[in-house]
Amino acid sequence: MSGTKWMPVPRPLQSLFDRFPLVTYDANDLPARSPSHVHPLLQPHTSSPSNLPTLYVFISEDDAVKNAPSFNPGCLKWQTFLKLAGVEFHVLPSTNHASPTGALPFLLPSTATTPSTTTNPASTDPPSKPTPPTEPSPPNKPVPSSRLYTYALNYHTRQNPQQPQQLQPPASLFSDLPRKSEAYQSLLDLSIRNAWLYTLYLCPQKTHLLDALYVRPTSTSTWVQATTRHQLRRAAETEILKSTSTSSTAGVVNPKAVYREARLALEALAIQLGTSDSGWFFGAEQPTLFDASVFAYTYLMLKYLGGDEGDREGSLGAMVRNAGKGELAAHCRRLTEMLWPELSSELSQ
């Protein structure tokens, strides 16, 4: 049987095939967690950004470049605590969808370089084999917020003992708090959080702030923005209704009850802080995780909610300033000056 004979390709098609590829596109960027990936926001800070871990939070790109505080209380809590623990890190904007746990913040540890073989630098004998170049270690797993405390503790315990004493975080940062701190933590998790959620997400006078922080960054489409805004408001309303029954009437959020409980909670925190000789909660020698938790709300309330929210109870920022004898506002300014001194003027009265 004779061999197969192919039909000749018509000349117009042949000339077209000869011109391929018409366009050669550049290779796609590597994934964000790739060891050799360099995010543009990190480039101004260091020539080797992979040497520092990255904390992914709710933040604008402009604020991320400055390592400024996140506008989300949950993110700011851990951002503050890591800074108190002396952990050096970058911050980058992200969303809950990008988090391994479905919630921010999360931290991506740095990828260290480790040599395949080691030699004694003090030895004058040449190595038996040439030392190969260093190779990046496999990417580390992301650290969710539930493990950031342990991460900071491990970071503290493995610090270089030659580091200057003033740069080392105090051991009291990780000391156990008294049992009564749980009751005060519930004030943050319920009353104060509910007031924050209502004001930012449900108060009509703060729609512009909600859009600026959470809605417009998601999309330029008006339809997508409207859908996102509706979803955020429904989620906030659900959180408030399921957390307490005193802040709702017939399944509807009661703003007056929300603000009344927030005022009482802030007053209780101010009174407790006023009993401390150190100026930190529960008489701790240095600020602890609880101080960071309080700061995450008071800083944002003073910065974003200092004006009139349109409610009869007054603004949340005013509640912070007027609680007790001003202990919470002073506590907030003190931490701001300690961690973000360039921003302390924003909270001046």
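Observations
- Among the candidates 214, 155, residue that is at pLDDT 85 or above and either of a type outside the set (Asp, Glu) or over 21 Å from the mean Cα position of the chain (by Cα) (or both): 214
- Where residue 250 falls short, out of the listed (1) of a type in the set (Gly, Ala, Ser); (2) open to solvent by 50 Å² or more (accessible area, probe 1.4 Å); (3) at positive phi; (4) in contact with a helix residue (DSSP H, G or I) (Cβ under 9 Å, 6 or more places away or on another chain): (4)
- Considering (1) without any contact (Cβ under 8 Å) to a residue 12 or more places away in the chain; (2) open to solvent by less than 80 Å² (accessible area, probe 1.4 Å); (3) among the hydroxyl-bearing types (Ser, Thr, Tyr), the lone condition that residue 244 does not fulfil carries the number (1).
Let's see how each residue does on (1) at pLDDT 95 or above; (2) part of a loop (DSSP other than H, G, I, E, B); (3) touching a strand residue (DSSP E or B) at 6+ places or on another chain (Cβ under 6 Å); (4) surrounded by fewer than 20 Cβ atoms within 10 Å (Cβ to Cβ):
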site	(1), (2), (3), (4)
270	yes, no, no, no
293	yes, no, no, no
308	no, yes, no, yes
312	no, yes, no, yes
337	yes, no, no, yes
342	no, no, no, yes
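- Here the condition is being small (Gly, Ala, Ser), in contact with a Ser or Thr (Cβ under 7 Å, 6 or more places away or on another chain) and assigned to a helix (DSSP H, G or I); of 257, 236, 183, it holds for 257 alone.
- Taking each residue of region 203-229 that is under 22 Å from residue 240 (Cβ atoms) and looking for partners that are open to solvent by 90 Å² or more (accessible area, probe 1.4 Å) with beta-carbon atoms closer than 8 Å, six or more apart or interchain, yields 205/308.
The values are calculated or read from the model by the stated rules, or taken from the named source; none is laboratory data. Because the structure is predicted, anything quoted here is derived from the model rather than measured. Every residue, glycine as well, gets a Cβ built from its backbone with ideal geometry; the counts of neighbours run over all protein chains shown. In case anyone asks, the SASA skips ligands and DNA or RNA and just uses the protein heavy atoms, side chains included. Shrake-Rupley method; radii C 1.70, N 1.55, O 1.52, S 1.80 Å.
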